[in-house]
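Have a look at the structure below, then the notes.
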Number of protein chains: 2
Amino acid sequence: MATIYDVAKLAGVSPATVSRVFNGTSVSADKVTAVRAAAKELNFTPNRAARTLRRQSSEVIALVIPDIENPYFTEMARGVEDVASEAGYSVVLCNSDAQVEKELTYLRIAMAENMSGVILAAASDSTNLDEILATGRPVVAVDRSTGHDIDGVVMANRDAGRQATEHLLKSYRRVAYIGGPEHIETATDRAEGWLLAHRAAGLEAPLDLLRYSSFRVDGGRSVMEELLALPEPPDAVVAGNNLIGVGAIQVLTEHSLTPPELGVAVIGSLPFTTLSPSAVTVVRLPARHMGVMAARMLLARIRGDKQPARTVVLRNEVQAASAVR
Amino acid sequence: MATIYDVAKLAGVSPATVSRVFNGTSVSADKVTAVRAAAKELNFTPNRAARTLRRQSSEVIALVIPDIENPYFTEMARGVEDVASEAGYSVVLCNSDAQVEKELTYLRIAMAENMSGVILAAASDSTNLDEILATGRPVVAVDRSTGHDIDGVVMANRDAGRQATEHLLKSYRRVAYIGGPEHIETATDRAEGWLLAHRAAGLEAPLDLLRYSSFRVDGGRSVMEELLALPEPPDAVVAGNNLIGVGAIQVLTEHSLTPPELGVAVIGSLPFTTLSPSAVTVVRLPARHMGVMAARMLLARIRGDKQPARTVVLRNEVQAASAVR
DNA sequence: ATGAAAGCGCTAACAT
DNA sequence: ATGTTAGCGCTTTCAT
């Protein structure tokens, strides 16, 4: 691989001039063309490791998410990527697998690689960011807030839970809730919405039907099985995220209770669904938009924005089932 | 961020010794402990940019895929990641969006960052790897082969197409094929399987039902609509990949032709399906395994393996629908 | 086994 | 506007 010295020699200028050409500082027109020609001939690309070492920062941002196989997060990643690459930044996708240790490893890598910043969908409420924040690198929280005073983009989780539940309460009487892990805010907030919807309707929430599991298909499956085995099973269910929804609907199909036979509302879009849209109520979450906002906030911080930390709350869009039992 | 010099000073040794401790070369036991203690106290992590610059290679591999929102590729990514991180390598996921230019950008970044190697699911048959191969960096092809003499992991695409079609021909008479773009080998190979299955059954393949589109949900949707609008529509369809399958089934559902009313076989697993497994024939593709194999081959090359290039062909597993019309 | 010192390729003072 | 030069933090010869 050619270096800046090779290019300089071929173009008959100093290495510094070559560097200037590639960094947009003032160089006379003729030298610019000479350098560009030489660079092209040698197939020169600036060595990023050297640049990063010198500048103490690289044009790379890390996006750390808990589940790369969840379409919700990949959609978010697309939003981040579009904004970042527009601004000349690359995005490194890191999969923490919902484990705090793996997450910490990736945060350390981000530091050690001098990445410019991090967008983090935290694995847990207790994620510790002291180390990375001490380096002065900006971190933006997405989807879930952290215990730290940093920028964040979340959505109206309580509302989402409430809207989903309200729709079901119009046509059903025993509405269950299957959420993610209890140590994750999005799970508990959405559950609160379920509670509030009952209260607002003047009903007592059936607390025996409030369940926490994992934000995954198998979580939805096992809890749905449990609920159906109850002496007094629910006649409808709110799924706390897209994958739980998939698992719950799978089990219902196996029991010949395909929605709307048993009512289903899902918080999050059903990825690649083959169901009729009229059968299930879906609270669409602005995943892509969330990624876009987070990337914008992070880039602003990288450019030196010093405002106090802000949290943006995005709204959801309900797509109600028309069919009922 | 602490440097090797800070640690050296605190531990009362030279910077070289600190480096040795972190690289596993011979250092006396007492100094090792002193260095480790100092490193821990200062929260030291070796600066990767510096290490990379010096070593001319980083412990990072790039995985370039055409669609990060396709669960097939994220499953593959998990396989790659598991093997790589086991060996101390990080994986950078790059989304080429099926565009050759974006792909080239990422390949250039991989070179400029001195990454150790690349695993590539090429955006097109015509992807040019001359530049990166000239740097001596190993590249392994996955899912799709390239025109270059490099290692590869693919699956038995022709067989997959053939198996899917054979199953449908047992119960249906006019079997269509919806494939991906014609310039991608996996699409044409699977279509060939469709042809062969007809021939093997002593039938003439209905060439008016052979269609190429994109490997995406909307591709499956639009072609399925076209097929249904035909004067003599098909009574069954082979979907060339998972997303095409989703799109086709969506359209069928909307037309009240839910499988097995119209027969469906999908090459690839249906992601997050809520359908009964008995309704659709699925040719399961070994996505994760493919990622695992590719990562192993790449790591071997990175470690200096000089064998001639090999291509591994993985077999598929058919999960036949039991229900028919 | 350990230390001294050079250098990976680049950028940013500083000098001209 | 352009060249000279120091140095980012690390690894790795070469001495000892």
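Shown in residue order for the stretch B:172-188 are the 3J(HN,Hα) couplings computed by the Karplus curve 6.51 cos²θ - 1.76 cosθ + 1.60 at θ = phi - 60°: 10, 10, 10, 9, 8, 10, 10, x, x, x, 5, 8, 10, 3, 4, 5, 6 Hz (x for Gly and Pro). What separates the A:E232 label point from its copies, with the point 7 Å along Cα to Cβ, is 6.1 nm, written shortest first.
How large is the Kirkwood hydrodynamic radius of the stretch A:4-46, counting all unique pairs of alpha carbons, in Å?
One decimal place: 9.7 Å for the Kirkwood radius.
Evaluated over the protein assembly as shown, the count of Lys pairs having alpha-carbon atoms less than 25 Å apart is 8 (only pairs 8 or more residues apart or interchain). Across all C-alpha atoms in the protein assembly as shown, the radius of gyration and Dmax reach 27.2, 86 Å.
Pairs of Cα atoms nearer than 8 Å and 6+ residues apart set the relative contact order; for the stretch A:157-285 it is 27 percent. Close amide H contacts of B:G263 (hydrogens built in the peptide plane, cut-off under 5 Å, sequence separation of 5 or more or a different chain): B:A236, B:V237. Taking the label point 7 Å along Cα→Cβ, A:E317 and its counterparts in the other copies are spaced 3.9 nm apart, in ascending order.
Quick one: net charge of A:L230's neighbours, Cβ under 13 Å, K/R +1, D/E -1? My count for the surroundings of A:L230 gives -3. If you bin all the Cα-Cα distances of the stretch B:204-269 at 10 Å, starting from zero, the percentages per bin are 23, 61, 16, 0. For B:N241, nonlocal amide neighbours, meaning residues 5 or more places apart or on other chains whose placed amide H falls under 5 Å from its own, are B:I267. Using only alpha carbons, the stretch A:157-285 has a radius of gyration to Kirkwood radius ratio (Rg to Rh) of 0.92.
Basic side chains Lys and Arg get +1 at the Cβ, acidic Asp and Glu get -1 at the Cβ, and with that the dipole of the stretch B:4-46 about its Cα centre reaches some 60 debye. Inter-label distance, A:K40 to B:T311: 3.6 nm, where each label sits 7 Å from its Cα along the C-beta direction. Both radii are taken from the alpha-carbon atoms of chain A; with Rh as the Kirkwood radius, Rg/Rh is 1.13. Other residues lying with their Cβ under 13 Å from the Cβ of A:A160 contribute a combined charge of -2, Lys and Arg counting +1, Asp and Glu -1. Sequentially through the stretch B:145-157, phi angles give Karplus couplings (6.51, -1.76, 1.60; θ = phi - 60°) of 7, 10, x, 9, 8, 10, 4, x, 10, 10, 10, 7, 5 Hz, Gly and Pro residues having no value and appearing as x.
Of all DSSP-defined beta bridges confined to the protein assembly as shown, some 10% are antiparallel rather than parallel. Farthest towards the positive end of the charge dipole of chain A, among the residues A:Q250, A:M224, A:G304, is the Cα of A:G304, using unit charges on the Cβ of Lys, Arg, Asp and Glu. Dipole of the stretch B:1-109 computed with +1 at Lys/Arg Cβ and -1 at Asp/Glu Cβ about the Cα centre; of B:I65, B:T52, B:V32, farthest Cα towards the positive end is B:V32. For A:S278 and B:D30, a Förster radius of 51 Å and the Cβ-Cβ distance give a FRET efficiency of 0.10, rounded to the nearest 0.05.
On the beta carbon distance between B:A87 and B:A112, with R0 = 22 Å, the FRET formula returns roughly 0.45.
Over the stretch B:13-93, Cα pairs under 8 Å with separation of 6+ residues give a relative contact order of 23 percent. Taking the fewest neighbouring Cβ atoms within 10 Å as the starting point, the ordered list for A:I267, A:I184 is A:I184, A:I267. Note on chain B: antiparallel DSSP beta bridges, both residues inside, total approximately 10 percent of the bridges counted.
Could you work out the relative contact order of chain A? I mean the mean sequence separation of Cα pairs under 8 Å and 6+ apart, divided by the number of residues, in percent. Don't skip to the answer; put the middle values down first.
On the way: 648 pairs, mean separation 55.3, N = 325.
The value is 17 percent.
In order along the stretch A:257-274, the phi-based Karplus estimate (6.51 cos²θ - 1.76 cosθ + 1.60, θ = phi - 60°) of 3J(HN,Hα) comes to 10, 3, x, x, 3, 10, x, 9, 10, 10, 8, x, 7, 7, x, 6, 6, 10 Hz; Gly and Pro are listed as x. D for the stretch A:246-298, whole µm²/s, Stokes-Einstein with Kirkwood Rh over alpha-carbon pairs at 37 °C and 0.692 mPa s: what number? This corresponds to a translational diffusion coefficient of 260 µm²/s. In a simple Cβ point-charge model (Lys, Arg +1; Asp, Glu -1; nothing else charged), chain A has a dipole of about 1420 debye relative to its Cα centre. Between the beta carbons of B:E101 and B:S171, assuming R0 = 35 Å, the FRET efficiency works out to 0.20 to the nearest 0.05. In this assembly of identical copies, the label point of A:V32 (Cα plus 7 Å along Cα-to-Cβ) is separated from its counterparts by 5.7 nm, sorted shortest first.
Computed from the coordinates by the stated procedures, all read-outs in this text should not be read as laboratory data. This structure is a prediction, so every number in the text was calculated from the model and none was measured. No Cβ is skipped: glycine too gets one built from the backbone with ideal geometry, and neighbour counts run over all protein chains shown.
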